[in-house]
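Bear in mind that the values in this text are calculations on the coordinates, not laboratory data. Bear in mind that the values here come from a model prediction, so they are computed numbers and not experimental data. Note that we place each Cβ from the backbone using ideal geometry, even for glycine, and neighbour counts take in every protein chain shown.
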Amino acid sequence: MSGQSHILTITPLTPLAPSGEPGAYVPGVCNIGAWEIRRRRAFAIAGFVAAALLFAGLVAIQAPAWTRLFLLIPLMGGAFSWLQARRRFCAAFAMQGIANFGDGRNEMQGVTGDAARRADLAAVRRMTRDAFLIALPITIVAVLLPV
């Protein structure tokens, strides 16, 4: 390692709550507050509803069972959004280097620091893996259902 410091800095200078308090930025763990969590829950519901409608449509038109593999896409999207809400962590924000604990988009704050960015990106990779591992068995069951 070079002699670089891995101190977390947040811009603008509006400080986030210390990591021990609710609503605090914790690298790789928490980067969104209540308002953003509600949005992620809504997207999760939309993804699961889309998967259910797609399944019902494919069954209604008697499409071949293999076409139900397309359920993986909305199921994974729903699972990913649900995980973001549950874990209080937004993947898109992590990739952009921002956090938002306010009640709107105008309260976003930048996150810098190599260690924080690495922790955030590792969390995104874990969340992507977990969403896939949730959606895959559901998709397989949907394909194997004799309907």
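Label reach from L145 (point 7 Å along Cα→C-beta): in the stretch 31-56, amide nitrogens under 18 Å belong to 45-56. Computing FRET efficiency as 1/(1 + (r/R0)^6) for M95 and Q62, where r is the C-beta to C-beta distance and R0 is 35 Å, gives about 0.30. The tail of the calculated P(r) for the stretch 27-144, taken as Cα-Cα distances beyond 17 Å, holds 58 percent of the pairs.
Residue-normalised convex hull volume from the C-alpha trace of the stretch 48-91: 53 Å³ per residue. Each other residue within a Cβ distance under 13 Å of V124 adds +1 if Lys or Arg and -1 if Asp or Glu, for a net charge of +4. The packing ranking of peptides 25-36, 40-51, highest mean first, is 25-36, 40-51, where packing means the average number of other beta carbon atoms within 10 angstrom of each residue. Using alpha carbons only, the radius of gyration of the stretch 87-147 set against its Kirkwood radius gives Rg/Rh = 1.20. With 0.36 nm allotted per residue and the present C-alpha distance subtracted, the R126-N106 stretch has 4.4 nm of extension available.
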